[in-house]
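Q: Next up is a structure, given as structure tokens.
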Amino acid sequence: MTKSKRIGILISGGDCAGLNAVVRAAVHRAALLGWTVIGVEEGVRGLMAEPAKTLKLTPEMFDGSIVRRGGTFLPTTNTGDPFAFPDQYGDVLDRSDDVIRGYHALKLDALIGVGGDGNQATLHKLAQKGGMNLVCIPKTIDNDIGLTEVSIGYDTAVQVATEALDNLQPTAASHNRIMILEVMGRDAGHIALVAGIAGGADVILIPEIPYRLEHVVRKIEMLKESGRGFAIIVVAESAPNESGNKVVQKYAGGASRYGGISHLLGDRLAEITKSEIRVTVLGHVQRGAAPDARDRLMASVFGVHAVDLIAAGKFNRMVAWRNRNVVDVALEDVIKAPALVDPGGPIVHTARGLGICLGDA
């Protein structure tokens, strides 16, 4: 028998498909061990509040239908670094002690943090400072977390982007247009590359491979010479412009995010090729879809294994999927090694083998 424990679970960063399934899995596994699970709302900000924003989670709350739901029923946030937290006067404060106090006030034996690489780095720092027993689960549609082959949310995001390409191709062919699809990918081009291959794109532009516009123009000309009047281009939001700079949009409150490269690219290609061009920015549609089967499965595997790590007393670890098996890796190693697209890897080689232009030749 495992000694009864009281564990917390929180989701940090942007939402994605599969989050409800991972919480469900952790709750069901913990219940079999006779443990109590406390859901923390709004990530680490929920631990800052006095009292902490929490919800007791029980298996009765999680029938099979919740795995079909996109987003997360347990609220999350992607703003507010506790080590540099903005106050109402425009200053920043170190509120890490408030987070640590919240963890201990809840009398938690351990915390499961579901997040991306930046969120995991913050949680790891908090755990080291405050004596928190931490286990992390990889979650990001970008799939750029090191030492795991897959992160929750990625597979569904690729599926959504592929379906968008499936819908754009017929209208592109009907009007002999160039269709440009901009997909998410904060610093990595995994979604653009994989969806582009699966969706039959002619050009894929990602941040890991510098491109020159002349090569893209040449690809379009080759298609025209072959008798095809349309083209499909996929570009990651973090792909740079012709000068090598990332394109960002400014928002109210001073926030800035990647976005807009597709419109710049469309304007330049229209000017050079004299072609009719349409741009689609997929945006948050990639986050909000119902999770596909693989995301539901990986979320369930990760949730169960995270609880098992706590039972084994293994902390400061992240659950990972490698070589068709669930494993755990040191958080400090994960943080050091982001998983960007390998320009010399098999997926890029496949794209080149299909004749897809990556903009570098």
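The values are calculated or read from the model by the stated rules, or taken from the named source; none is laboratory data. Bear in mind the structure is a predicted one, so any value in this text is a computation, not a measurement. Note: ideal-geometry Cβ built from the backbone for every residue, glycine included; neighbour counts use all protein chains shown. In case anyone asks, the SASA skips ligands and DNA or RNA and just uses the protein heavy atoms, side chains included. Shrake-Rupley method; radii C 1.70, N 1.55, O 1.52, S 1.80 Å.
Q: With bins 10 Å wide starting at 0, give me the P(r) of the stretch 289-361 over every alpha carbon pair, in whole percents.
A: 15, 30, 31, 18, 5, 0
Q: Okay, next question. Placing +1 on the Cβ of each Lys and Arg and -1 on the Cβ of each Asp and Glu in the chain, which of 223, 265, 300 has its Cα farthest towards the positive end of the resulting dipole?
A: Working it through, the farthest residue towards the positive pole turns out to be 300.
Q: Leaving out ligands, DNA and RNA, and with a 1.4 Å probe, what % of the accessible surface on the chain is carbon or sulfur? Walk me through the numbers on the way to the answer.
A: On the way: 7810 of 15790 Å².
Its accessible area is 49 percent carbon and sulfur atoms.
Q: Whose amide H sits under 5 Å from the amide H of residue 139, counting only residues 5 or more places off or on another chain, with H placed in the peptide plane?
A: Distant-sequence amide H within range of residue 139: 115, 116, 152.
Q: Give, as a single signed number, the net charge of other residues whose beta carbon lies under 10 Å from the beta carbon of residue 239, with Lys and Arg counted +1 and Asp and Glu -1. Don't jump to the answer; show the numbers that get you there.
A: Values: positive: 246; negative: 182, 208, 237.
After counting each charged neighbour, the total is -2.
Q: Now a separate question. Using a 1.4 Å probe and ignoring any ligands, DNA or RNA, find the accessible area of residue 307 and quote it in Å² to the nearest 10.
A: The accessible area comes out at roughly 0 Å².
Q: Just want the answer: with Cβ charges of +1 for Lys and Arg and -1 for Asp and Glu, which residue in 67, 89, 318 is farthest toward the dipole's positive end in the chain?
A: 67
Q: In addition: Taking amide hydrogens as modeled 1.01 Å from N in the peptide plane, which residues meet the under 5 Å criterion relative to residue 77, leaving out close sequence neighbours?
A: Distant-sequence amide H within range of residue 77: 13, 43.
Q: Next up: Treating cross-link reach as a plain straight distance, find the aspartates and glutamates whose alpha-carbon is under 13 Å from the alpha-carbon of residue 5, omitting any fewer than eight places away in the same chain.
A: Once the sequence-local aspartates and glutamates are set aside, what remains near residue 5 is 109, 308.
Q: So what does the Cα-only Debye profile of the chain read at q = 0.09, 0.14 Å⁻¹, as log10 I(q)/I(0), no solvent term?
A: -0.54, -1.09
Q: Run down the lysines and flag those whose C-alpha is under 19 Å from the C-alpha of residue 224, throwing out any fewer than 8 positions away in its chain.
A: Within the straight-line cut-off, residue 224 pairs with 274.
Q: Give the whole-number value, in cubic angstrom per residue, of the convex hull volume spanned by the C-alpha atoms of the stretch 137-283.
A: Spelled out: Cα convex hull of the stretch 137-283, divided by residues, is 120 Å³.
Q: How about the stretch 69-120: which chymotrypsin sites (Phe, Trp or Tyr not before Pro) there lie in a loop by DSSP and see at most 12 other Cβ atoms within 10 Å? Before the final figure, lay out each step's value.
A: On the way: sites: 73, 83, 89, 103; in loops: 73, 83, 89.
Of the chymotrypsin sites (Phe, Trp or Tyr not before Pro), the ones in loops of the stretch 69-120 whose Cβ has at most 12 other Cβ atoms within 10 Å are 89.
Q: Looking at the chain as a GNM with Cα springs under 10 Å, which of 245, 119, 176 has the largest mean-square fluctuation?
A: 245
Q: If you don't mind, another one. Report the FRET efficiency, 1/(1 + (r/R0)^6), for residue 77 and residue 50, where r is their Cβ-Cβ distance and R0 is 25 Å, rounded to 0.05.
A: On the way: r = 17 Å, r/R0 = 0.70.
My answer for the efficiency is 0.90.
Q: Residue by residue through the stretch 216-223, which ³J(HN,Hα) values in whole Hz follow from phi under the Karplus form 6.51 cos²θ - 1.76 cosθ + 1.60 (θ = phi - 60°), with glycine and proline marked x?
A: 5, 4, 4, 4, 5, 5, 4, 5
Q: Over the chain, average the accessible area per residue using a 1.4 Å probe and give it in Å², no decimals. Kindly include the intermediate steps, with their values, before the conclusion.
A: Numbers: 15790 Å² over 361 residues.
Per residue, the chain has an accessible area of 44 Å².
Q: Now, a different point. Looking at the chain as a GNM with Cα springs under 10 Å, which of 84, 351, 164 has the largest mean-square fluctuation?
A: Fluctuation is largest for 84.
Q: Follow-up. What is the distance in Å between the Cα centroid of the stretch 219-236 and that of the stretch 312-347?
A: Here the two parts' Cα centres lie 37 Å apart.
Q: Could you give the size of the charge dipole of the stretch 223-306 about its Cα centre, using +1 on the Cβ of each K and R and -1 on the Cβ of each D and E, expressed in debye and rounded to the nearest 20? List each step's numbers first, then the result.
A: Values: 11 positive and 8 negative charges, 26 e Å.
My answer is approximately 120 debye.
Q: A further question follows. Taking θ as phi - 60°, what are the ³J(HN,Hα) couplings along the stretch 114-125 by the Karplus curve (6.51, -1.76, 1.60), each to the nearest whole Hz, with x for Gly and Pro?
A: These are the phi-based 3J(HN,Hα) values: 9, x, x, 5, x, 5, 5, 4, 5, 4, 4, 5 Hz.
Q: While we're here: So, taking all protein chains as they sit and a 1.4 Å probe, how much accessible area belongs to residue 65, in Å² rounded to tens?
A: Near enough 60 Å² of accessible area.
Q: Taking only DSSP H segments of four or more residues, each worth -39500 (n - 2.57), what value at 222 nm results for the chain once the sum is divided by all its residues, to the nearest 500 deg cm²/dmol?
A: Details: 12 runs with 138 residues, N = 361.
Using -39500 (n - 2.57) per qualifying helix, the result is -11500 deg cm²/dmol.
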